[in-house]
1. Report whether or not ALA336 is of a type in the set (A, V, I, L, M, F, W, C) and either at positive phi or open to solvent by 20 Å² or more (accessible area, probe 1.4 Å) (or both).
2. Pick out the one residue from GLU318, GLU252 that is buried (at least 18 other Cβ atoms within 10 Å of the Cβ), farther than 30 Å from ILE67 by Cα and modelled with pLDDT of 95 or more.
3. Would you check which residues across the range 177-196 are out of contact with any Pro (no Cβ under 8 Å at 6 or more places or on another chain) and more than 12 Å from THR35 (Cβ to Cβ) and list them?
4. Does LYS105 count as more than 15 Å from ligand 2 (Cβ to nearest atom) and within 20 Å of the chain's Cα centre (by Cα)?
5. Would you mind telling me which numbered condition in (1) within 16 Å of ligand 1 (Cβ to nearest atom); (2) at pLDDT 95 or above; (3) among the acidic types (Asp, Glu) ASP63 fails?
6. Can you say whether GLY138 is more than 16 Å from ligand 2 (Cβ to nearest atom) and in a loop (DSSP other than H, G, I, E, B), as far as the supplied structure shows?
7. When the residues of the range 23-67 are narrowed to those that are closer than 21 Å to LEU8 by Cα and assigned to a helix (DSSP H, G or I), which ends up least open to solvent (accessible area, probe 1.4 Å)?
8. How do the helices (runs of 4 or more DSSP H) wholly within the range 231-336 filter down when requiring 3 or more residues that are within 16 Å of ligand 2 (Cβ to nearest atom) and under 30 Å from GLN214 (Cα atoms): which remain?
Amino acid sequence: MQTEVIKLDRENMDLDALKRAGEIIKSGGLVAFPTETVYGLGGDGLHEESSRKIYESKGRPSDNPLIVHVADMEHLEKIVKKVPKAAYKLAEAFWPGPMTMILEKNDLVPYGTTGGLDTVAIRMPSDPIALELIRQGGGYIAAPSANTSGRPSPTTAQHVYEDLQGKIPMILDGGAVTIGLESTIVDLTEEIPTILRPGFISLDMVQAVLGEAQIDRGLIANDSNIHPKAPGMKYRHYAPKADLKIVEGPMEQVISYINEQAEKGRTGIICTEETRSRYPKGDIKCVGTRKDELSIASHLFAVLREFDEDGVEQIYSESFKAPGLGEAIMNRLLKAAGH
Ligand code: TXA
Ligand code: MG
């Protein structure tokens, strides 16, 4: 299969191209598209056969459910049993945007999309290209991140092309995404609203809207008997080919430890603008500045991909523990490191 890549300008969107993309989705095909978080691999969320194709092209285990993307609240109301007050509040605060809600599904949503679960993940993205594709594609686009399963999520159309060329008919190219980490997932089927995956929308932000919210214990537990609730969080994701280790501690000690390790072989180093000049040796990648965590989030996956191309033997990263976005950055790094 030939993969067509179409460059789109958000200020002046090529509606004919988006209509064509929508036709592909409606006839059961797949289209990769940009969102503000990462690129998605979209298919018709209400057709099992499209979901099956998504799993197949990504090489993803089919018990790992997909997120259904909508462009308005009416479409959400049509596919769930009921919309709790908390869902309206979260939507009002964060949609369109980088937040996904888990609600009880109704019969319109096939089990092939939810990995056999009675709940469905739903998100309204803010990228105008994504919103227009959803409208043109029939209103419900199931989309996981558009990477081959196990690779870092794609933050440019080029990343998608590397992973999926020849496997899907079309990629919509909207340039580099703005956030670079996948959406925050909030489970509203539990008594206390629970964050199953941290993202740009932090626990504090969710608590400010709902009053009460918590983080899934399975995400932070060191005890391997406690499993994360989002099936996808149990897989080792975002894995670079080389062994990745995250170094924590006072910054001076972190720097000297990493420099010692860099003597031992072809070493990749993930650092920040603040520390770049302190590493004399190694394949040094500056991921962003600590003054702007979004700069770190938006470059992290691209940096992990670059190390694969460079063929380093080991990777050492500074750590980014902090509340808010730092929590999401650390979560992805830990998963890339296999904890
Ligand atoms: O930012 C994002 O969310 C991106 C863009 C494309 O929207 N999508 C994305 O999808 O990250 P994916 O498939 O890579 O991750 C979806 C996550 C998985 O960890 C999955 O297990 C979880 O959401 N999930 C989906 N449905 C669920 C459900 N019903 N209950 C619990 N977790 C669910
Ligand atoms: Mg993913």
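The values are calculated or read from the model by the stated rules, or taken from the named source; none is laboratory data. Note that the structure is predicted; figures quoted are calculated from it, not measured. Neighbour counts are summed over all protein chains in view; Cβ atoms, including those assigned to glycine, are modelled from backbone coordinates with ideal geometry. Accessible surface areas use protein heavy atoms only, side chains included; no ligands, DNA or RNA. Shrake-Rupley method; radii C 1.70, N 1.55, O 1.52, S 1.80 Å.
1. On the way: of a type in the set (A, V, I, L, M, F, W, C): yes; either at positive phi or open to solvent by 20 Å² or more (accessible area, probe 1.4 Å) (or both): no.
No.
2. Matching residue, one of GLU318, GLU252: GLU318.
3. Passing the criteria: ILE185, THR189, GLU190, GLU191, ILE192, PRO193, THR194, ILE195.
4. no
5. Only one criterion is unmet by ASP63, namely (2).
6. So GLY138 passes the test.
7. ILE25
8. 293-310, 325-336
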